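Inspection log for the structure reproduced underneath, given as structure tokens.
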Amino acid sequence: MPFVKTKDGVNIFFKDWGPKDKQPVVFHHGWPLSADDWDNQMLFFLAEGFRVIAIDRRGHGRSDQTSEGNDMDHYASDVSAVAEHLDLHDAVHIGHSTGGGQVARYVAKFGQPQGRVAKAVLISAVPPLMVKTDANPDGTPVEVFDGFRSALAANRAQFYLDVASGPFYGFNRDGAEVSQGTINNWWRQGMTGSANAHYEGIKAFSETDQTDDLKAITVPTLVLQGDDDQVVPYKDAALLQDKLLADSTLKIYPGYPHGMHTTHADVINKDILAFIRG
């Protein structure tokens, strides 16, 4: 399997499909998943003639289960290691949830200064800051994230089943079309990763202030989120991202859940394709 070793000795797994001379589209998964969360998009954009790449974040999927570096700075640096190893240029980076934070930090700190990035896409992404603070009074109270940590430590397997069966895909809504396979696949990906990395990752995705990352990004950026996102409230995420980014296109989907790239892949894929080719 293809791996890149980072400067601090961590093996990062990645998938790399399609012609190497085509424009690369790079996918960044949410917490606590893996590159497998992008199977639908990988196949779709591969069929559209792109080179498609997806990365397992450190401590997730097939990458090393690290005891250190489970933070946004290391996440972004790890992406840079893959991009440099593959010598990617003119790339489109697409991130969901925590992966959106990873994209924002990577583009701002590495990809854009190195001239490797053409465009970015943030889907149900966590920036600029999830947790409630004096400066971010509309954020989510830290007690919510403390509850995540407690549930993970007590019974990670049950917690992951509950998240996938409920708010992540909106399967707890009346009339929702529930996919057991989607639930099982979310659980499978989560349980493949490291409990420690996932525990520490809660702080990374909820308490990292990425306001300056968003302000630094100048490449065209597509911001997508559903207004029924029960995990990352869109008014504290997509709407603020659109205000902070220099060149953004915002689209809010009525009734769509946090994991809308899976539940509504047909719509999301076409919108991203139009943005890339636009």
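Does Val79 satisfy the criteria of being in contact with a Lys or Arg (Cβ under 8 Å, 6 or more places away or on another chain), under 20 Å from Ala118 (Cα atoms) and modelled with pLDDT of 95 or more?
Taking the combined requirement at face value, the residue does not satisfy it.
Just the residues that are surrounded by fewer than 18 Cβ atoms within 10 Å (Cβ to Cβ) and either within 15 Å of Pro141 (Cα to Cα) or touching a Cys at 6+ places or on another chain (Cβ under 7 Å) (or both), please, taken from segment 217-234.
Gln230, Pro233
Of everything in segment 140-194 that's in contact with a Lys or Arg (Cβ under 8 Å, 6 or more places away or on another chain) and either among the hydrophobic types (A, V, I, L, M, F, W, C) or at pLDDT below 95 (or both), which residue is least open to solvent (accessible area, probe 1.4 Å)?
For segment 140-194, the residue satisfying everything is Phe145.
Please go through segment 241-269 and pick out each residue that is in a strand (DSSP E or B), open to solvent by 50 Å² or more (accessible area, probe 1.4 Å), within 10 Å of Gly226 (Cα to Cα) and not aliphatic (A, V, I, L, M).
Lys251
With the structure loaded, tell me whether Leu214 is within 28 Å of Arg62 (Cβ to Cβ), open to solvent by less than 50 Å² (accessible area, probe 1.4 Å) and among the aliphatic types (A, V, I, L, M) or whether it fails that test.
The answer is no for Leu214.
Could you say which residue among Phe27, Phe50 is more than 15 Å from the chain's Cα centre (by Cα) and under 21 Å from Leu222 (Cβ atoms)?
The unique qualifying residue is Phe50.
Only one of Ala197, Ala204, Ala237 is in contact (Cβ under 8 Å) with a residue 24 or more places away in the chain, surrounded by 20 or more Cβ atoms within 10 Å (Cβ to Cβ) and touching an Asp or Glu at 6+ places or on another chain (Cβ under 6 Å); which?
One residue alone meets the criteria, Ala204.
Does Gln102 fit the bill of being touching a residue at least 40 places away in the same chain (Cβ under 8 Å), within 24 Å of Asp39 (Cα to Cα) and open to solvent by 50 Å² or more (accessible area, probe 1.4 Å)?
Criteria not met by Gln102.
Looking at the structure I just gave you, is Ile276 more than 17 Å from the chain's Cα centre (by Cα), open to solvent by less than 30 Å² (accessible area, probe 1.4 Å) and modelled with pLDDT of 95 or more?
Yes.
Answer with yes or no whether Glu143 is in contact (Cβ under 8 Å) with a residue 60 or more places away in the chain and of a type in the set (Asp, Glu).
no
So the check is Cβ under 6 Å with 6+ separation or different chains; which pairs have a first residue in segment 159-178 that's among the hydroxyl-bearing types (Ser, Thr, Tyr) and a second one that's open to solvent by less than 30 Å² (accessible area, probe 1.4 Å)?
Tyr160/Gly190; Ser165/Phe171; Ser165/Ile183; Tyr169/Pro257; Tyr169/Gly259
The rows are residues; the columns are (1) open to solvent by 10 Å² or more (accessible area, probe 1.4 Å); (2) within 18 Å of Leu122 (Cα to Cα); (3) part of a loop (DSSP other than H, G, I, E, B).
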| site | (1), (2), (3) |
| --- | --- |
| Lys20 | yes, no, yes |
| Val26 | no, yes, no |
| Gly30 | no, yes, yes |
| Ser67 | yes, no, yes |
| His89 | yes, no, yes |
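Please state which one of Ala135, Ala81, Ala120 is more than 18 Å from His198 (Cα to Cα), assigned to a helix (DSSP H, G or I) and of a type outside the set (D, E, K, R).
Residue meeting the stated conditions: Ala81.
The values are calculated or read from the model by the stated rules, or taken from the named source; none is laboratory data. These figures come from a predicted structure and were not determined experimentally. Neighbour counts run over all protein chains shown; Cβ positions are idealised from the backbone, glycine included. In case anyone asks, the SASA skips ligands and DNA or RNA and just uses the protein heavy atoms, side chains included. Shrake-Rupley method; radii C 1.70, N 1.55, O 1.52, S 1.80 Å.
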